[in-house]
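Trainee: Can you read through this structure? Questions will come right after.
The values are calculated or read from the model by the stated rules, or taken from the named source; none is laboratory data. All values derive from a computational prediction rather than experimental measurement. Heads up, the Cβs are rebuilt from the backbone with ideal geometry, glycines too, and the neighbour counts pull from every protein chain shown.
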Amino acid sequence: MSTEADWHFERDAENIGWLIFDMVGKSANILNRQTVAGLAAQLDRIEAETGLAGLGLLSGKAGGFVYGADINEFAELQTHRDITGLISHVTGLLARIEAIDCPTAVGIDGLAVGGGLELALCFDQLFVTENRKTALGFPEITLGLLPGYGGSGRSTARIGAAAALDMMLSGRPVPAAAAIASGLADQPVQDAESLRGQMASWMLSCAGQKPARPQQPAGDVAAACRAAEEKYLGRVRADHMPAGQAIITHMESCRAQPEALIAAEARLFAELMLGDASDGLRRVFQLRDAVRKTSRGESGIASVHVIGAGVMGGDIAAVAAMAGLSVTLSDMDEAVIEAARERAQKLFERRLKDADKAAAALQRLQADPDGNGAGEADLIIEAVAEKLEVKQQVFAALEKQAKPDAILATNTSAIPLEDIAAVLKQPERLIGIHFFNPVPVLPLVEIIWSGQSDQALINRAMCFVGQLGKMPVRCKSAPGFLVNRALLPYMYKAVAAVAAGADADKIDTALVDFGMPMGPIELCDQVGLDVCYQAGQMLNMPEAAAASFQAKLAAGEKGRKTGSGFYQWDGNQAVRPRQAALAEEMQAIAEDMLAPMVAECRAAVAEGVVDAGEMADAGMIFGTGFPGFRGGPLHWANKTGLPVK
């Protein structure tokens, strides 16, 4: 394919040149090697044109401008020279656009992020539609990077140091109205159909004269940098996530001078990109994309019935209603259903931020103490006590009541599907949809299948999870599935180590230093020692860990909920010294404690519990908070050479 196929240039009757970016065979425009080469060829042609009254850039994609660089191509850049060479080539092209000696304008409808926004900022005038999906942003921080094609300098020139820092450090896209208000963009346009006309009118009004570019004073750079540090770096460790501090230092050392910022970007971008954090975070981006692709499609699910209105069941029902589904919620105790609806109402008000939308969501979540909704639902989710006989009783009754094409799903966290389905006449109807607590917060959902399961129902369940805005990972029915199978042995190893005389606080500190949201001992206390012990009955819990749990439980100590466990608790805070130690010692402790997690992930892949190592890493990142900058336990172990144990 010709490198120019993605770009189209035409000159209209009024001598305005129009450059249209419409990547062949793709739903969105991205800046990869092919499209950059095509842009270079088009610039050669445009620079040879004479008498242009203006140059306008538009996207050929409805509702989308340019999504930035192709992250997958980054893996091909192995050295500092590779990276700076690519950046220098692209920034050279953007400088040529900036230097074109006629008025230039860009029309943005939809997302202009990363390299897409950097391309737009090279034009004299930015027009943005009032489409609610139109937004401009620099998401590079989520990849452990900063803008690399001049974005830090050109944005600072337009909106000043403080606002530019906020864009780069938050990674959040700025809506069209806010972009206009800040000066990042210049002119609002009602819709995409109006872009070309208004851009042409503005370019013709310049009468061929290159206009002065909008520019704002940088402001108090030192004050902006200190404010940014306080706002964004308070809980971020530079050794874990270096990009944030690097961006602030970049702004301060260049004194917010646009030319200096642009000139320094390539070196800094290369340094960050070759670091471990960016490597891990770029893998997280790819994992997220891979998981989301598995949840695309029609589920055929419009109504859901949830059995069990406790915290888990009630929150599953709330999340489904918030996503627009009709939900009925049943429980033996009507007061528990009402408590779940009250909790849901608070969630809706907090998340939807609109009284009418919150009221509509609550209306979709109906109390159903008699369980009549089970006969009409497209999907029935059981979330009762984690006891095999109770679940079997529920599903034996449901099979008679449910529609023939309804999906029967259990939220069990560990019980094999085959055991639950033993009471069913059609065991292929039963699947697992395992949410994680807290349901509104954690994105992962394990979709469990057995040798009996109808794979068409599994596929529908994957799409249902996508409807909820969550991330499904397909798992074969096996004790603990993926996440609990890998997470619990890690916790049990730590408990066994403490039973053998190790310092609990030092273990927890080492794992927090590694990047885990909390250490394994504190996590046991948070989950509840009774819950941890019960879950261990399904897995091979070390004898030392079992004995330790038994002793604590015999003393009435269940962790945070009783105020005492491995630690004393002051409300929601564990009372412990959080002691420091040498980095080498902490690293050795972390590697030792994480070895069972890595081993179980490797075994889950080998046994076909998950489809691939990528899905194992995705499950642990999105389900347990394994640090994204490490890229997942398998990625981290393979990269660091952690041996198989």
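Trainee: Which of the residues belonging to the range 279-316 are touching a residue at least 60 places away in the same chain (Cβ under 8 Å) and of a type in the set (Asp, Glu)?
Mentor: Asp279, Glu298, Asp315
Trainee: Can you find a residue in the range 343-355 that is within 20 Å of Ala302 (Cβ to Cβ) and either touching a Phe, Trp or Tyr at 6+ places or on another chain (Cβ under 9 Å) or β-branched (Val, Ile, Thr) (or both)?
Mentor: Checked the range 343-355: no residue is within 20 Å of Ala302 (Cβ to Cβ) and either touching a Phe, Trp or Tyr at 6+ places or on another chain (Cβ under 9 Å) or β-branched (Val, Ile, Thr) (or both).
Trainee: Name the pairs whose Cβ atoms lie under 6 Å apart, with the first residue in the range 1-30 and free of Cβ contacts under 8 Å to residues at least 24 places away in the same chain, the second surrounded by fewer than 16 Cβ atoms within 10 Å (Cβ to Cβ) and aliphatic (A, V, I, L, M), and 6 or more positions between them or separate chains?
Mentor: Within 6 Å, the pairs are Val24/Ala5.
Trainee: Identify, please: which residue in the range 143-166 is assigned to a helix (DSSP H, G or I) and of a type in the set (A, V, I, L, M, F, W, C) and is, among those, nearest to Thr104 (Cα to Cα)?
Mentor: Applying the filter and picking the extreme gives Ala157.
Trainee: Among all residue pairs at least 6 apart or on different chains, which show Cβ distances below 9 Å where the first residue, located in the range 593-621, is closer than 18 Å to Lys493 by Cα and the second is among the basic types (Lys, Arg) and part of a helix (DSSP H, G or I)?
Mentor: Met593/Lys493; Leu594/Lys493; Ala595/Lys493; Pro596/Lys493; Met597/Lys493; Glu600/Arg485; Cys601/Arg485; Ala603/Arg485
Trainee: Taking Gly219 as meeting all but one of (1) part of a loop (DSSP other than H, G, I, E, B); (2) at positive phi; (3) at pLDDT 95 or above, write down the number of the exception.
Mentor: All conditions are met except number (3).
Trainee: Which one of Asp530, Asp525 is in contact with a strand residue (DSSP E or B) (Cβ under 7 Å, 6 or more places away or on another chain), surrounded by 14 or more Cβ atoms within 10 Å (Cβ to Cβ) and either outside any helix (DSSP H, G or I) or among the charged types (D, E, K, R) (or both)?
Mentor: Of the residues listed, the single one that is in contact with a strand residue (DSSP E or B) (Cβ under 7 Å, 6 or more places away or on another chain), surrounded by 14 or more Cβ atoms within 10 Å (Cβ to Cβ) and either outside any helix (DSSP H, G or I) or among the charged types (D, E, K, R) (or both) is Asp525.
Trainee: Can you name the condition, by its number, that Pro369 falls short on among (1) part of a loop (DSSP other than H, G, I, E, B); (2) closer than 23 Å to Asp405 by Cβ?
Mentor: Only one criterion in (1) part of a loop (DSSP other than H, G, I, E, B); (2) closer than 23 Å to Asp405 by Cβ is unmet by Pro369, namely (2).
Trainee: Another question, if that's okay. For the range 167-189, enumerate the residues that are surrounded by fewer than 19 Cβ atoms within 10 Å (Cβ to Cβ) and either out of contact with any helix residue (DSSP H, G or I) (no Cβ under 9 Å at 6 or more places or on another chain) or more than 21 Å from Gly107 (Cα to Cα) (or both).
Mentor: Within the range 167-189, Ser170, Gly171, Pro175, Ala177, Ala178, Ile180, Ala181 qualify.
Trainee: Turning to a different aspect of this structure: Does any residue of the range 91-112 turn out to be surrounded by fewer than 21 Cβ atoms within 10 Å (Cβ to Cβ), without any contact (Cβ under 8 Å) to a residue 24 or more places away in the chain, part of a helix (DSSP H, G or I) and touching a helix residue (DSSP H, G or I) at 6+ places or on another chain (Cβ under 6 Å)?
Mentor: So far as the range 91-112 goes, no, none of its residues is surrounded by fewer than 21 Cβ atoms within 10 Å (Cβ to Cβ), without any contact (Cβ under 8 Å) to a residue 24 or more places away in the chain, part of a helix (DSSP H, G or I) and touching a helix residue (DSSP H, G or I) at 6+ places or on another chain (Cβ under 6 Å).
Trainee: Kindly indicate which of Asp315, Asp354 is modelled with pLDDT under 95 and not aliphatic (A, V, I, L, M).
Mentor: Every option except Asp354 fails the conditions.
Trainee: Can I ask one more? Mind checking which pairs have a first residue in the range 243-258 that is more than 14 Å from Ser278 (Cα to Cα) and a second that is basic (Lys, Arg) and in a helix (DSSP H, G or I), Cβ under 7 Å, 6 or more apart or different chains?
Mentor: Once the first residue is more than 14 Å from Ser278 (Cα to Cα) and sits in the range 243-258, its partners that are basic (Lys, Arg) and in a helix (DSSP H, G or I) give Pro258/Arg154.
Trainee: Every residue in the range 533-556 that is over 33 Å from the mean Cα position of the chain (by Cα), crowded, with 21+ Cβ neighbours inside 10 Å and not basic (Lys, Arg), please.
Mentor: Passing the criteria: Ala545, Ser548, Phe549.
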